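Working notes for the structure below.
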Amino acid sequence: MAETRLLAGLLVLGAGAAGWEAACPTLARAEAEAVQNLPAAVERYALAWASRDATRIAALHTDDSVFHLVIEGEPPVVGRAAIAARFARILADNPAYSSTPRTVNFGVDFVVIEYDFVMAPPRAFAMGARRYEPRGTTYTVPAVDIITFRDGLVSRKVTYLDTAVIAANSGAVQ
């Protein structure tokens with residue numbers, strides 16, 4: 001939280017030093033407010049994921065939100081209903097899901113989160129163009145989310161994850 005206040009303060013100070021605040025006071029205030037409100041939106045989103053409730057998670061997305069899991073054969077999904085269905089499948093394939101953030105970096109309307117998530121899939125699952133056969137082990141997968149917010153809701157979420165770790169912890173990969 002201190003990091004966010006510092007960032008917001010630097011935005012306002014930087015805007016003032018450049019004459020930006022005098023030229024566009026509304027924009028400078030809006031940017032500072034967006035940065036200050038973003039941590040609360042991110043916290044709500046993290047709590048929704050911790051609940052493992054796909055409907056609750058998708059409710060924090062805009063109607064036209066896009067979710068893109070960037071792996072081969074995994075097209076982006078658009079809209080709350082499609083996102084809820086995709087998240088429900090992810091959580092069903094990995095009921096032990098939990099995550100631990102490593103770094104969180106805020107922008108004006110976005111956050112970049114590097115994290116590790118726990119996988120312990122109980123059965124074979126498909127992700128993108130591949131099908132994985134679990135070995136019955138629990139392991140962590142490094143991932144990065146770039147999440148853009150609009151009016152306190154997720155308008156775009158792009159997720160990169162290390163599928164090599166998933167493959168290394170799986171039996172047959174097809």
Original post:
Could the peptides 112-121, 72-81 be put in order, highest first, of the mean number of other beta-carbon atoms found within 10 Å of their residues?
Top reply: 112-121, 72-81
Original post:
When the C-alpha atoms of segment 61-106 are aligned to their principal axes, what extent does each axis show, in angstrom, from largest down?
Top reply: 29, 28, 22
Subject >> Amide H contacts under 5 Å for Arg156, placed H, 5+ residues apart >> reply: Val66, Thr148
**OP:** Restricting things to alpha carbons, find the Rg to Rh ratio for segment 73-174 using the Kirkwood radius for Rh.
**Re:** 0.98
Subject >> Estimated vicinal HN-Hα couplings, Hz - segment 147-162 in sequence order (Karplus 6.51, -1.76, 1.60; Gly, Pro = x) >> reply: 10, 9, 10, 9, 6, x, 10, 6, 9, 7, 10, 10, 10, 10, 9, 8
Subject >> Estimated vicinal HN-Hα couplings, Hz - segment 124-130 in sequence order (Karplus 6.51, -1.76, 1.60; Gly, Pro = x) >> reply: 4, 8, 9, 9, x, 7, 10
Original post:
By how many nm would the segment from Thr100 to Ile71 grow when fully extended, if each residue of separation counts as 0.36 nm and the alpha-carbon distance is taken off?
Top reply: 8.3 nm
**OP:** Would you work out the relative contact order for segment 84-129, in percent, from Cα pairs under 8 angstrom that are 6 or more residues apart?
**Re:** 38
Original post:
Sorted by mean Cβ packing within 10 Å, highest first, what order do the peptides 62-68, 52-58 take?
Top reply: 52-58, 62-68
Original post:
Which ³J(HN,Hα) values, rounded to whole Hz and listed in residue order, are derived for segment 61-69 from phi using the Karplus coefficients 6.51, -1.76 and 1.60 in 6.51 cos²θ - 1.76 cosθ + 1.60 with θ = phi - 60°, glycine and proline given as x?
Top reply: 9, 5, 4, 9, 4, 10, 10, 10, 8
**OP:** Specify the inter-centroid distance of segment 153-174 and segment 72-134, based on alpha-carbon positions, in whole Å.
**Re:** 7
**OP:** Within segment 118-132, which residues have the backbone N less than 15 Å from the label spot 7 Å out from Val165 along Cα→beta-carbon, could you tell me?
**Re:** 118-121
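Any read-out appearing in this document is the output of simple, stated calculations on the displayed coordinates, not a laboratory observation. This structure is a prediction, so every number in the text was calculated from the model and none was measured. A quick note on method: Cβ atoms are made from the backbone with ideal geometry, for glycine too, and the neighbour counts reach across all protein chains shown.
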